[in-house]
Amino acid sequence: MSMTPEERFERIEKIIEEQQRTIDKHNEAIKDLIRVGRIITDAQQVTNAQINEMHRGITRLTEDITELGEAQKETDERLNILIDTVDRIVRRNGKPPSEGAAPQ
């Protein structure tokens, strides 16, 4: 089947128009991907900042826990000293008066 030059020209025009529509669709899809990429990049930057802030908070908490542990050791030592002191006082005061001594 033979085509006239006019028919060939019209067919080529249709093919070119279809290719242009396809190219336009691809360009729009590329623009959408670029927008999505920017959104993801922005979101990742926010997430990174939040992670860094959490890391700083965890570091501060770790330091506070260490200080608390040291303070607890000091408190335990002081409490043990107080318990020993009270124990000695109670034992001494709880002893019966020595013989020959006047009751107080």
Answer yes or no as to whether Met54 is at pLDDT 95 or above and surrounded by 10 or more Cβ atoms within 10 Å (Cβ to Cβ). yes
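If I filter the stretch 52-60 for residues that are within 40 Å of the chain's Cα centre (by Cα), aliphatic (A, V, I, L, M) and part of a helix (DSSP H, G or I), do I get at least one hit?
First pass over the stretch 52-60, keeping only residues within 40 Å of the chain's Cα centre (by Cα): 52-60.
Okay, now just the ones that are also aliphatic (A, V, I, L, M), so 54, 58.
From the residues that got through so far, the ones that are part of a helix (DSSP H, G or I) too are 54, 58.
Yes, the stretch 52-60 contains at least one residue that is within 40 Å of the chain's Cα centre (by Cα), aliphatic (A, V, I, L, M) and part of a helix (DSSP H, G or I).
Does Val36 satisfy the criteria of being surrounded by 10 or more Cβ atoms within 10 Å (Cβ to Cβ) and at pLDDT below 95? Show your work before the answer.
Details: surrounded by 10 or more Cβ atoms within 10 Å (Cβ to Cβ): yes; at pLDDT below 95: no.
Criteria not met by Val36.
The values are calculated or read from the model by the stated rules, or taken from the named source; none is laboratory data. Computed from a prediction, not measured in an experiment: that's the story for all the values here. Every residue, glycine among them, receives a Cβ derived from its backbone with ideal geometry; neighbour counts consider all protein chains shown.
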